[in-house]
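Enquirer: Quick one: this structure, given as structure tokens, is what I'll be asking you about.
The values are calculated or read from the model by the stated rules, or taken from the named source; none is laboratory data. Note that the structure is predicted; figures quoted are calculated from it, not measured. Every residue, glycine among them, receives a Cβ derived from its backbone with ideal geometry; neighbour counts consider all protein chains shown. Heavy atoms of the whole protein, side chains included, go into the accessibility calculation; ligands, DNA and RNA do not. Shrake-Rupley method; radii C 1.70, N 1.55, O 1.52, S 1.80 Å.
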Amino acid sequence: MQKTKSMLFHAQFLFTLLVCAFLIVPVVQSVVAGLTENFIMGVKSGLTLRWFVQVWSLYRDTIFLSILIALTCLAVTLILGVPAAYAMVKKQNRWTRLFEELLVTPLAVPGLAIALALIINYGGFTGFRTSWIFILVGHVIFTLPFMVRSVIAIMNSVSLKEFEEGAASLGAGFWQRFFQVVIPNALPGILAGSLMVFTLSIGEFNLTWMLHTPMTKTLPVGLADSYASMRLEIGSAYTIIFFLMIIPLLIAMQWVAKPRQREFVMEKSHAATGATVLRPIAAASCSPDQKEGGRKLSGTALRLVNCAKTFVDGTRALEPFNLKVEAGETVVILGPSGCGKTTLLRIIAGLESPDSDGRVYFGEDDVTDVPIEKRNVGMVFQSYALFPNMTVAENIAYGLKVRGIEAAPRHQRVSEMLDMMKIGQLQNRHIDQLSGGQKQRVALARAIAVRPKVLLLDEPLTALDAKLRDLLRVEIDSLLRSLGITAIYVTHDQSEAMALGDRIVVMNTARVAQVGSPREIYFEPQTRFVAEFIGTINRLKGRLQEDRLVFPGGSIPLPASSAVRAGENGNVELFFRPEHAALVEFGQGHLHATVVASFFMGDRTRVIIEGSSDDYLTIETKGIQSFKKGQRVEVAIDPGALLRLDS
Amino acid sequence: MQKRNNWLLLALFAPAFAVFVAFFLLPLARLAFASAMGPSGFKIYLAAITTPRYLETLVYTILLSAGVTLVTLVISGIVGVFLTRNEFRGKSLLVSMLTFPLAFPGVVVGFMIILLVGRQGLMGDITKLLTGEKLVLAYSMAGLFLGYLYFSIPRTITTIMASAEKIDRSLEEAARSLGASPWRVVKDVLIPALVPGLISSGAICFATSMGAFGTAFTLATNIDVLPILIYTEFTLIANIAMAAALSIVLGLITWMALSVARAAAGNSVAAAG
Ligand SMILES: Nc1ncnc2c1ncn2[C@@H]1O[C@H](COP(=O)(O)OP(=O)(O)OP(=O)(O)O)[C@@H](O)[C@H]1O
Ligand SMILES: [Mg+2]
């Protein structure tokens, strides 16, 4: 905004005022005319309500009929339009798309043509033709597209799919999801559509003029009659009544359209603790019945047999996949983006079904054909999928409510969860009043409140900043351990995987690359992919000479146990981790190299060196020594830590 | 569960579809059928676009609607962008006044025009004071033009304001930081960003003008527009076949305008309606 308004501003402002005058002056004229004795004489002739009385006696019925038709039309479009819009958003196929296309046509086809078509087709049914229902039909056809489009727009803009999946993971069936999640979240769109439909119906003239009979006159038809009678005062008074009817509707429309933000209520505890809103959750404070049984109490073993997934578009997101998870175990699925982690998790959850050969077992039960809402899983979504139409406490209670748990035990369970996650002070907040970390806790609380057989977490920490991620990682770890719940945790962050997993499943493009404990994965990677994906790995490339590997910068004795064979052309590749090498005094190491760069990391220094093979090597040292570029160093490698890896 | 859900979704979808077919598609098909059921069969379409009276009306209506669309876009473009880009006191009142006529049916718009430029209208009084001649526009092409402007401007302003609000402010700031003058910013950033919105609201404006009936009906002008012609063919002359044929011609023109705009502006046209 400019401080001093420019010429341009004033010119535009004047222009806008002129346009406004063009639109509003006649409105004012009509208001004046409707209230004065004589239009030609103007206000001097005196003010009167005479014309209103006349309008009331002459045209009262049209007003009632218009309201009746508009209300019925609204009800019908709601009943027809909202479910249809939902179906069209959910199910994108040829038919729904065709219908969506068709729905635009009533906007393109003039009302007159629609009316003519209705008369030609149904005019023969005299009873129908002469009743107001006939007009209603026209209005429904005319307004239905507005309702459907408004609802579709809102359903597409809120992340409906996530909310629904969230509700389904908590056990809500189709209708529960529809009425408790879909409708409340689509409410702004439904409201906007309703106002639109009502206003359009009240003012509809093109269709109505053709469809009306002397017995069924609506307000605009009456207006046309009154204008034709050439008595400006009566026409004006009647028009004022029309204005009075639509003004509240227009105000309501503006109010609905305005984006609103809930106020961020700062509670006292909040303001006091300042930025440290998140207090660590104490794992010990979880409900006693769970604590005692140790690890194997609430979990179920899980088995995937031959679960492949091919999407309709032919994408092979998962090759046949086998996995066994013990009860109470935490398994981390780790892999680069797009390798099929989410797909795998969704198959376990029941949000996707595997290709026909695949089976999913919870314990001994084959749950492949059981929908998610019957599987009793807890799910934490990457974007949390918390219901914005409910408070924190209501969100946590939702799964319990769906399961028909009575109010008293439900409240107790909810407050247990709130205590456990240390979010009691937030219980009455709405979701958009929470920080990322708080949302994360609510999502966790909601998922475990139902005591799921399996807890599924899809990159639950990626939306958070690094510091908070570390904090919550520790918390989730102690939580999972103390609950003894079977958990599948998806991530692409290797440190998260190392910290949390009893076992890690490393995935690479739709397949398992390796399964093992964090230590196994780290120290005994079976492929180069795994070695490179987890941590840093260095490569030595050289030739075998007796029991030594010789490479440009030096040589190293091979461990006796390792059966290293030379590949074609006698080349051998061996790998080692940075921490298995050290910078040593000259003459004591295995290779000479030159420093390329060094990074001081606080507790250690990471040195990048070159000279011994095609690649740079990364070495870590603990000392306080600093390094310069070009400096000569000597490196000793622990021969026992050398790895041979298939590429 | 996939299967069961599909059935449930179908059940949700079916009622609306059935109503739509029964009360829109079927009657429209009958209308098309009825147009060809007259004595001249399909030749009636030839008659509809060659008979001078019909042709003249058709051309008038198209020219009128196109002209209205153009003027509306210019006016609403200026006003809409001005309103989104500037904050001043009384702005929300101004916006409410500009969008108030949004909900007026055509008849009321016609009445507003009569009050403004009719026989006893304000314009007449003013011109009489100034020149001694009473200027009456309401019952001519000019009156229709004003009437169509009256109902088009509020709608178009709202859609243009909505699309102007979506334009990334930093684009303009970037252009300014690179030294572009205000006019250059308008030409190089603002208008290109607004084009889809302009096309779609223009198409809707054109389509509504083509089909507008109430305004012309109230003004009872000496120039027929297509909807009035259809109406008189149907009710006064009872030439149902011709009325049907003309409706279909009218429907095709508006439908075509919307489709072309949709193709040109992406998918947003229908949504703007
Ligand atoms: N509904 C779908 N239709 C078609 N292809 C899909 C669908 N969902 C996922 N895919 C594809 O399947 C593959 C695996 O996707 P998935 O979401 O499981 O990856 P991810 O490992 O979770 O990745 P990220 O770490 O990025 O979340 C990707 O190539 C993806 O494009
Ligand atoms: Mg994923």
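Enquirer: Roughly what angle does helix A:132-157 make with the longest principal axis of chain A, taking Cα atoms, 0 to 90 degrees, to the nearest 10?
Expert: Compared with the principal axis, the helix lies near 20 degrees.
Enquirer: How much accessible area per residue does the protein assembly as shown have, counting only protein heavy atoms and a probe of 1.4 Å, in square angstrom? Please report the intermediate quantities before stating the final value.
Expert: On the way: 41070 Å² over 920 residues.
Using a 1.4 Å probe on heavy atoms only, each residue of the protein assembly as shown averages 45 Å².
Enquirer: Can you tell me the 0 to 90 degree angle between the C-alpha axis of helix A:392-402 and the longest principal axis of chain A, rounded to 10?
Expert: Relative to chain A, helix A:392-402 is tipped by roughly 90 degrees.
Enquirer: Moving to a separate point now. Tell me, what is the Rg over Rh of region A:536-641, with Rh the Kirkwood radius over Cα pairs? Present the calculation step by step, with values, prior to reporting the outcome.
Expert: Values: Rg = 13.8 Å, Rh = 14.1 Å.
Here Rg/Rh amounts to 0.98.
Enquirer: Please report, in cubic angstrom per residue, the volume enclosed by the convex hull of the alpha-carbon atoms of the protein assembly as shown.
Expert: Here the figure is 260 Å³ per residue.
Enquirer: Compute the acute angle (0 to 90°) between the alpha-carbon long axis of helix A:466-483 and the principal axis of greatest extent of the alpha-carbon atoms of chain A; round to the nearest 10°.
Expert: Rounded to the nearest ten degrees, it is 80.
Enquirer: Tell me the mean residue ellipticity at 222 nm calculated for chain B from its helices only (DSSP H runs of n ≥ 4, each -39500 (n - 2.57), averaged over every residue, nearest 500). Show your work: numbers first, answer last.
Expert: Working: 15 runs with 209 residues, N = 273.
Calculated mean residue ellipticity at 222 nm is -24500 deg cm²/dmol.
Enquirer: Follow-up question, since we're still on this one. Based on the mean of other beta carbon atoms within 10 Å per residue, what is the order of B:118-125, B:194-201, most packed first?
Expert: Answer by packing, highest mean first, reads B:194-201, B:118-125.
Enquirer: Under a crude label model (7 Å from the Cα following the beta-carbon direction), how far is A:Asn93 from B:Ala66 in nanometres?
Expert: Computed distance between label sites A:Asn93 and B:Ala66 equals 4.4 nm.
Enquirer: Let me ask you something else. Please check region B:230-257 for residues whose accessible area, probe 1.4 Å, is lower by 30 Å² or more when all protein chains are in place than in their chain alone.
Expert: When all protein chains are present, B:Tyr231, B:Phe234, B:Ser247, B:Trp255 each give up 30 Å² or more of accessible surface.
Enquirer: How far apart, in nanometres, would the label points at A:Phe179 and A:Ala408 be if each is projected 7 angstrom from Cα along the Cα-to-Cβ direction?
Expert: Reported label-point gap for A:Phe179 and A:Ala408 is 2.6 nm.
Enquirer: Starting from region B:1-77, pick out the chymotrypsin sites (Phe, Trp or Tyr not before Pro) whose DSSP state is loop and whose Cβ has at most 15 other Cβ atoms within 10 Å. Spell out each step's value before the answer.
Expert: Details: sites: B:Trp7, B:Phe13, B:Phe17, B:Phe20, B:Phe23, B:Phe24, B:Phe33, B:Phe42, B:Tyr45, B:Tyr54, B:Tyr60; in loops: B:Phe42.
Answer by residue number: B:Phe42.
Enquirer: For an R0 of 30 angstrom, estimate the FRET efficiency from the Cβ-Cβ distance between A:Asp547 and A:Arg606 and round to the nearest 0.05.
Expert: Computed FRET efficiency for A:Asp547 and A:Arg606: 0.45.
Enquirer: If r is the Cβ-Cβ distance from B:Trp7 to B:Glu165 and R0 is 60 Å, what FRET efficiency results, to the nearest 0.05? Present the calculation step by step, with values, prior to reporting the outcome.
Expert: On the way: r = 41 Å, r/R0 = 0.69.
Step by step, r from the Cβ atoms, then E = 0.90.
Enquirer: To the nearest 100 Å², how much accessible surface do chains A and B hide from each other in total, with a 1.4 Å probe?
Expert: Roughly 7600 Å².
Enquirer: If you don't mind, there's one more thing I want to ask. List the residues of region A:163-209 for which accessible area in the full set of protein chains is at least 30 Å² lower than for the chain on its own; 1.4 Å probe, protein heavy atoms only.
Expert: Hits at the 30 Å² cut-off: A:Phe174, A:Trp175, A:Phe205, A:Asn206, A:Trp209.
Enquirer: I've got another one for you. Carbon and sulfur atoms: what percent of the 1.4 Å accessible area of the protein assembly as shown do they account for?
Expert: Roughly 62 percent of what the probe reaches on the protein assembly as shown is carbon or sulfur.
Enquirer: Run the helix sum for chain A: -39,500 (n - 2.57) per DSSP H stretch of 4+ residues, divided by residue count, reported at 222 nm to the nearest 500 deg cm²/dmol.
Expert: On the way: 23 runs with 304 residues, N = 647.
Calculated from helices alone, the mean residue ellipticity at 222 nm is -15000 deg cm²/dmol.
Enquirer: Taking the Cα centre of each part, how many Å lie between region A:579-615 and region A:399-432?
Expert: Between the Cα centres of region A:579-615 and region A:399-432 lies a distance of 55 Å.
Enquirer: For a Förster distance of 56 Å, can you work out the FRET efficiency between the beta-carbons of A:Lys258 and A:Asp615, rounded to the nearest 0.05?
Expert: 0.40
Enquirer: Also, I was wondering about something else. Indicate the helices, whole DSSP H runs only, in chain B that combine a mean Kyte-Doolittle hydropathy of 0.0 or more with a Cα extent along their long axis of 24 angstrom or more. Spell out each step's value before the answer.
Expert: Working: long enough: B:2-20 (27 Å, 0.72); B:52-85 (48 Å, 1.38); B:141-166 (37 Å, 0.73); B:191-211 (29 Å, 1.45); B:240-265 (37 Å, 1.88).
Membrane-span-like by this criterion, though nothing is claimed about a membrane: B:2-20, B:52-85, B:141-166, B:191-211, B:240-265.
Enquirer: Could you work out how much longer the chain between A:Asp493 and A:Ile79 gets when fully extended? Use 0.36 nm per residue separation minus the Cα distance between them, nm to one decimal. All intermediate terms of the calculation are to be shown ahead of the outcome.
Expert: Values: separation 414, 0.36 × 414 = 149.04 nm, distance 4.73 nm.
Separation in residues times 0.36 nm, less the Cα-Cα distance, equals 144.3 nm.
Enquirer: Right, next: Given A:Lys44/B:Lys134; A:Lys374/A:Lys401; A:Lys91/A:Lys374; A:Lys541/A:Lys628, which pairs have Cα atoms separated by over 18 Å?
Expert: From A:Lys44/B:Lys134; A:Lys374/A:Lys401; A:Lys91/A:Lys374; A:Lys541/A:Lys628, over 18 Å: A:Lys44/B:Lys134; A:Lys91/A:Lys374; A:Lys541/A:Lys628.
Enquirer: Which whole number in µm²/s is D for region B:42-272 by Stokes-Einstein, with the Kirkwood Rh taken over Cα pairs at 20 °C and 1.002 mPa s? Write down the numbers at each step before the final one.
Expert: Values: Rh = 19.5 Å.
Approximately 110 µm²/s, per Stokes-Einstein.
Enquirer: Check each of the chymotrypsin sites (Phe, Trp or Tyr not before Pro) in region A:77-135 and keep only those in coil by DSSP with at most 11 other C-beta atoms within 10 angstrom; list them in order.
Expert: Numbers: sites: A:Tyr86, A:Trp95, A:Phe99, A:Tyr122, A:Phe125, A:Phe128, A:Trp132, A:Phe134; in loops: A:Phe125.
Qualifying residues, ordered by number: A:Phe125.
Enquirer: Taking the Cα-to-Cβ direction at A:Ala21 and at A:Trp56 and moving 7 Å from each Cα, how far apart do the two end points lie in nm?
Expert: So the label points at A:Ala21 and A:Trp56 sit 3.7 nm apart.
Enquirer: Whole Å is fine, so just give me how far the alpha carbon centre of region A:108-144 lies from that of region B:112-137.
Expert: 39
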